[in-house]
Amino acid sequence: MTENSSEMRTKGIDMAFGGVYVLKDIDFEIYPGEVHGLIGENGAGKSTLIKILAGVHQPKAGEIILRDEVVHVPNPHAAVDMGIAMIHQEPQTFPDLDVAENIFIGRQPMTDGLRRVDWSKMYGHAEEILNSLGVEFDPHTKVRVLSIADQQMVEMAGALSQNAQILFMDEPTAALTPTEVEDLFAIMNNLREQGTAIVFISHRLEEIFDICDRITVLRDGELIGERKPKDTTTDEIIHMMVGRPLSSLYERNVEQKIGEPVLEVKNLSRTQKFDDITFDVKAGEVVGLAGLVGAGRTDVARALFGALGIDSGTIRIDGEEVKITRPREALAYGLVYVPEDRQRNGLLMQMSIEKNMTLAVLERIAPNGWLNEKAENNIAQEYVKKLSIVLRNIRQPVRELSGGNQQKVVLSKWLLAEPRVMLMDEPTRGIDIGAKSEVHRLIGELAAEGMAILMISSELPEILAMSDRIIVMREGRISGHFTKEEATAERVIAAATGQVLEGA
C-alpha cells in the first residue's frame, strides 16, 4: 500500500435526506494500492458515502478531492470518466445481454468510419479482461445463466474495461460461498498490486480483517475512528460500531428447559435434493443445521414447510404424523419458515411494514372478510415495540427498512402466528452486528419459552454458540451429529467436507 499521496479524499462531507442528516462532517481518505474497509451498522452512512463519491448523490456540504484537485462528481457517468467504478451487492447487469455486451454496455468499440459495433474487437477484448480475472466463462454467455459470483465478475470486468483507479465494493460477498469469496479476494489482491484503490464494505468482520489494509468505522453518520487491522481487535471494532461493549454476539442469557420432541423427521427423501434425513427438534431446543452451500439444508427446510415436495419419509409434530404439501398446511400445524432470501421469499417489498407483519394472521384481523384496521395497527405496533424495529412510520414500504429491520418484520409475521416450530434459514445473513445480536437474543428467548427451533447457518461461530445440538449435511445426506459439548469447528468442517480427523 502506498500512502505518499491520496487517490481520493473528502473534507467535511454532510448529507441529509428529508432534513435528517445521515452524514456529518466526514473526512475520508483513500490511497492507491490499498483495500480500505468501511464498516458500521445498517444506517451508519456507509453506502451513502460511497454513492456520493460515485456521483449517485450530491452532498449538502463539503469537498471531494481527486488526486489533489477539488472536483464535482455530478453523476455516475462523470464518475466513470474520472476512473471511479462501483460493484454492488446485487449485480447491476442486463440478464438478456451476453457477458461482452454487459462489459461494454454503452461503450461498444465501433468500426472505423461506420457507426457499427466491431463485434470481433469487443469479444476479443472481453476475453482478455476475463482471462486477467481468472474466470472461465465464455464472453458470448447470456448473463442470466451466470451465478451471482460470476455476475459480479462481469461487473468487475466492466470496471477494468474503464481503467478504473478507484473501486467501491458494497457488500459484494453477501451472497457468495466461501470458495467464491476466496476467488474474489484473489482478484482484489491482484488489483491492489496494480495500484487500484479499493473501498470494501462488509458486515463480516473476519473478511474485513483478512483483506483490508485500513478500517474506517462510521456510526450514526459520524466518523468514529480509523484503525489498521494489526493494531486492533474484533472487540474494539464492534465497540466502535455499536457504541457499547458487546461481550458476546451470541448470548443466550435466558435459562431454558429442553422438553419432548416437537418436530420429528424420519427417512425424508427427495430425488436429487436430499436422502434419508432423520432428526428431531425438542421443545426449548435450538438445533443447528450446518454444511456447505448446496449441501441440501435449505431444500430440507422448504420440504418441511411444504414449499418443496418429498418422495418418501415421515414428519411428526407433537407425536402426530402429518402430511404437509403446502405452506398453509405447515402453518396450520404450527410450523413456520424464515427464508434465506427475505426480500424475495419473506416479504412483499412494495407493501407496508404493517401489511407484511399481519399476512399470516389475516383470518384473525379480517374474520368475516372485512379488515379490522385498528386491530391490524395494534398488532403491528406491539411487535414494532417488542422487536425494537427502527422505522419512520408503520405504513411506510418495508423496502425502505435496513436489512436487520426487514428481518425483524419477517420474524414478527411468523411470531404472530404463534408457532410451535420455527425453521430459520440464515437468520442473520446480511444484517449488521447490532441487529445480529438482537436476533440471537430473540432466538434464546423463544427457545426459553418452549419453541423448537431449527437454525440453518453458514457461520460457524453462530452455529457453535447458538445450538444445543448440531446436525451437519453433506451432498444431501446427514454426515454428522454433535452435542454442544462434542461440537468443535474442526469436527463440523470435517463432517461438512467429508474429511476424517486424525484420532477421531
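Please treat every number below as a calculation from the coordinates, not as lab data. Here the structure is a predicted model, which is why all the values come from computation and not from measurement. Virtual Cβ from ideal backbone geometry, glycine too; neighbours counted across all protein chains shown.
Straight-distance candidates among the lysines for linking to Lys484, with alpha-carbon spacing under 23 Å and chain neighbours fewer than 8 residues away dropped: Lys257, Lys266, Lys282, Lys436. Distances between placed amide hydrogens fall under 5 Å for Gly225 paired with Val217, all partners being 5 or more residues away or on another chain. The amide H of Ala61, built 1.01 Å from its N in the peptide plane, has Asp14 as neighbours under 5 Å, considering only residues 5 or more places off or on other chains. The calculated Kirkwood hydrodynamic radius for segment 1-55 is 12.3 Å, given to one decimal from all distinct C-alpha pairs.
Computed over neighbours whose Cβ is under 11 Å from that of Gly40, the net charge equals -2, Lys and Arg +1, Asp and Glu -1. Per-residue Karplus couplings for segment 208-222, computed as 6.51 cos²θ - 1.76 cosθ + 1.60 with θ equal to phi - 60°, are listed in order as 4, 6, 6, 10, 8, 8, 9, 10, 10, 10, 10, 9, 6, x, 10 Hz, Gly and Pro entered as x. What value does segment 325-425 have for Rg/Rh, both radii from Cα atoms and Rh as Kirkwood defines it? Ratio value, two decimals: 0.94. Starting from the Kirkwood Rh over alpha-carbon pairs, what translational D in µm² s⁻¹ does segment 273-355 have by Stokes-Einstein at 10 °C and 1.306 mPa s? Diffusion coefficient, whole number: 110 µm²/s. Peptides 411-419, 10-18 ordered by packing proxy, namely the average of other Cβ atoms within 10 Å per residue, highest first: 411-419, 10-18. Per the Kirkwood formula applied to alpha carbons, segment 387-504 shows a radius of gyration over Rh ratio, Rg over Rh, of 1.04.
Sorting the segments 328-334, 266-272 by their mean number of nearby beta carbons within 10 angstrom, highest to lowest, gives 328-334, 266-272. Taking only the C-alpha atoms of segment 9-97, Rg followed by Dmax gives 13.7, 42 Å.
For segment 259-268, putting each phi into the Karplus relation 6.51 cos²θ - 1.76 cosθ + 1.60 with θ = phi - 60° gives couplings of x, 7, x, 9, 10, 10, 10, 9, 6, 6 Hz, in residue order, rounded to whole numbers and with x for Gly and Pro.
Listed values for segment 138-144 are Karplus-derived 3J(HN,Hα) couplings in whole Hz (6.51 cos²θ - 1.76 cosθ + 1.60, θ = phi - 60°), namely 6, x, 7, 5, 5, 5, 4, and x replaces Gly and Pro. Seen from all directions on average, segment 347-389 presents a Cα convex hull projection of 3.1 nm².
Per residue, the convex hull around the alpha carbon atoms of segment 8-242 comes to 135 Å³.
What number, rounded to the nearest 500 deg cm²/dmol, is the helix-based mean residue ellipticity at 222 nm of the chain, given -39500 (n - 2.57) per DSSP H run of at least four residues and division by all its residues?
Numbers: 17 runs with 162 residues, N = 504.
Result for the chain: -9500 deg cm²/dmol, rounded to the nearest 500.
Across segment 411-432, the residues whose backbone nitrogen lies under 17 Å from the label position 7 Å along the beta-carbon direction of Ile148 are 425-432.
For the listed peptides 274-281, 401-408, 139-146, a ranking on the average number of other beta carbons within 10 Å per residue, highest first, reads 401-408, 274-281, 139-146. Close amide-amide hydrogen proximity is noted between Phe168 and Ala85, Met86, Ile87, Val199, each under 5 Å apart and 5 or more residues distant or on a separate chain (H modeled in the peptide plane; Pro and chain starts excluded). Taking a sphere under 13 Å around the Cβ of Trp119 and counting the other residues whose Cβ falls inside, with K and R at +1 and D and E at -1, yields a net charge of -2. Normalised by residue number, the volume inside the convex hull of the Cα atoms of segment 447-504 is 86 Å³ per residue. Each listed q (0.06, 0.07, 0.10, 0.12 Å⁻¹) maps to a log10 I(q)/I(0) for the chain from the Debye sum over equal C-alpha point scatterers, namely -0.32, -0.44, -0.89, -1.21.
Please give me the summed charge of the neighbours of Lys323: other residues whose Cβ is under 12 Å from its Cβ, Lys and Arg +1, Asp and Glu -1.
Net of charged neighbours comes to -1.
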